[in-house]
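Structure first, then comments.
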Ligand code: NAD
């Protein structure tokens, strides 16, 4: 369940009073420690003992090594099965914290308090937890639902612009796959700021939540949320391998451009419609050069994507604005043609 928090965090306090955990563990990174933890602690009204665990920020910390350190710390703090973990941060914290909580002692309860736009509209919702391994994105993980998701949009006020823009890509995706009006509202924004995005956040959260409720284990419609991610994840992994991670949403924006073109190649949408969509995505994102990676390397990584089976690469492709298919197999030639199309946009 998603609750949008009042100024005094009353819903969170009520939740903790009802749950009566033995201990609370709050996971933060350096930035959420500085910008968000004081707000949380200032509003937390509980006698239950709590501990704070801080990690450095960044995708490169979303690893088995960090998870292992966290399991060790939970042990040292004598965290038991009735403890509660609060993940206060962006997608890295909610993915990693959810993974650690769902595996420690075969699973302890956790809640997510997302602090980035991407976290609020996407990563904190849907119960996918995970870590990267050997530079493969989210290759190890669990399906584990948080007890609740508490959203406090004011946290966005300190989020750097580049991270705001990253989260905005997942909102655009929600419009493209499920809701043309949402897409129109998003693409008509003149500038991206916490204030301009505030009114549109709940719609994005609702779209994701509605899809998850229909297909939690990703057997069918949930696959549409992967639109832009087959190409996006492969490139994100390559940049991560290079030691130059790019924001997740920027990889997704790039992926959505390629996969919109693939939707055209598949005969789902017209060339004009593809160009209109791609033009709107490009309004918000800088061009990211990918010529340092060979087509073969990119395609090989896509082959490793969790969504594939029988050695074929599957895509979720647009049927129109607001409608998306899934399980569309595309040939390597078509994929390379989409990558070449992207490179020619420069
Ligand atoms: P992030 O967690 O790394 O946060 C981005 C940056 O913003 C970090 O430096 C962080 O410290 C900082 N930050 C967070 N909140 C802040 C605040 N309120 N003020 C100032 N700075 C703040 O990245 P993200 O973009 O939130 O999430 C990306 C991750 O989410 C990726 O690992 C991706 O794989 C994952 N993800 C998961 C799902 C899912 O369904 N589980 C969906 C989408 C993305």
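The values are calculated or read from the model by the stated rules, or taken from the named source; none is laboratory data. All figures in this text were calculated on a predicted structure; none of them were measured in a lab. Quick reminder, even Gly has a Cβ in these numbers, built from the backbone with ideal geometry, and neighbours come from all protein chains shown.
Would you check if there is a residue in segment 207-218 being in a loop (DSSP other than H, G, I, E, B), modelled with pLDDT of 95 or more and at positive phi?
Taking segment 207-218 as the starting set, the residues that turn out to be in a loop (DSSP other than H, G, I, E, B) are 215-218.
Remaining after also requiring modelled with pLDDT of 95 or more: 215.
Remaining after also requiring at positive phi: none.
Within segment 207-218 (the criterion being in a loop (DSSP other than H, G, I, E, B), modelled with pLDDT of 95 or more and at positive phi), the answer is no, since none of the residues qualifies.
Out of 145, 190, I need the residue that is away from the ligand (no atom under 14 Å from the Cβ) and either out of contact with any helix residue (DSSP H, G or I) (no Cβ under 7 Å at 6 or more places or on another chain) or assigned by TED's automatic domain parsing to the domain that holds residue 57 (or both). Which one?
From the options 145, 190, the qualifying one is 190.
Out of all the residues in segment 103-126, which are closer than 16 Å to residue 21 by Cα and either more than 10 Å from the ligand (Cβ to nearest atom) or outside any strand (DSSP E or B) (or both)?
The first filter runs over segment 103-126 and keeps only residues closer than 16 Å to residue 21 by Cα, leaving 104-105, 107-112.
Across segment 103-126, the qualifying residues are 104, 105, 107, 108, 109, 110, 111.
Please find, among 321, 313, the residue that is assigned by TED's automatic domain parsing to the domain that holds residue 235 and at pLDDT 95 or above.
Numbers: 313 fails: at pLDDT 95 or above.
Only one candidate passes the filter, namely 321.
Please list, ordered by first then second residue, the pairs with beta carbon atoms under 6 Å, 6 or more apart or interchain, first in segment 29-51 and buried (at least 18 other Cβ atoms within 10 Å of the Cβ), second in a loop (DSSP other than H, G, I, E, B).
29/57; 31/57; 32/115; 36/115
Looking at segment 42-62 only, could you name the residues that are away from the ligand (no atom under 15 Å from the Cβ) and assigned to a loop (DSSP other than H, G, I, E, B)?
44, 45, 46, 47, 48, 49
Give the residue, chosen from 94, 129, that is assigned by TED's automatic domain parsing to the domain that holds residue 154, within 8 Å of the ligand (Cβ to nearest atom), in a helix (DSSP H, G or I) and surrounded by 23 or more Cβ atoms within 10 Å (Cβ to Cβ). Give the steps one after another, and end with the answer.
On the way: 129 fails: in a helix (DSSP H, G or I).
Exactly one of 94, 129 is assigned by TED's automatic domain parsing to the domain that holds residue 154, within 8 Å of the ligand (Cβ to nearest atom), in a helix (DSSP H, G or I) and surrounded by 23 or more Cβ atoms within 10 Å (Cβ to Cβ), namely 94.
Applying the selection to segment 219-246, what residues are within 12 Å of the ligand (Cβ to nearest atom), surrounded by fewer than 22 Cβ atoms within 10 Å (Cβ to Cβ) and either at pLDDT 95 or above or not in a helix (DSSP H, G or I) (or both)? Please lay out each step first, then the result.
Of all residues in segment 219-246, those within 12 Å of the ligand (Cβ to nearest atom) come to 222, 225-226, 228-229, 232-233, 236-237, 240, 245-246.
Restricting the remaining residues to those that are surrounded by fewer than 22 Cβ atoms within 10 Å (Cβ to Cβ) gives 222, 240, 245-246.
Matches in segment 219-246: 222, 245, 246.
Can you name the number of the only condition in (1) touching a strand residue (DSSP E or B) at 6+ places or on another chain (Cβ under 7 Å); (2) surrounded by fewer than 17 Cβ atoms within 10 Å (Cβ to Cβ) that residue 205 fails?
(2)
Would you mind stating whether residue 95 is touching a helix residue (DSSP H, G or I) at 6+ places or on another chain (Cβ under 8 Å) and at pLDDT below 95?
Details: touching a helix residue (DSSP H, G or I) at 6+ places or on another chain (Cβ under 8 Å): yes; at pLDDT below 95: no.
So residue 95 fails the test.
Sort through 113, 86 and tell me the only one that's under 19 Å from residue 68 (Cα atoms), buried (at least 24 other Cβ atoms within 10 Å of the Cβ) and modelled with pLDDT of 95 or more. Before the answer, list the steps.
Details: 113 fails: under 19 Å from residue 68 (Cα atoms).
It is 86.
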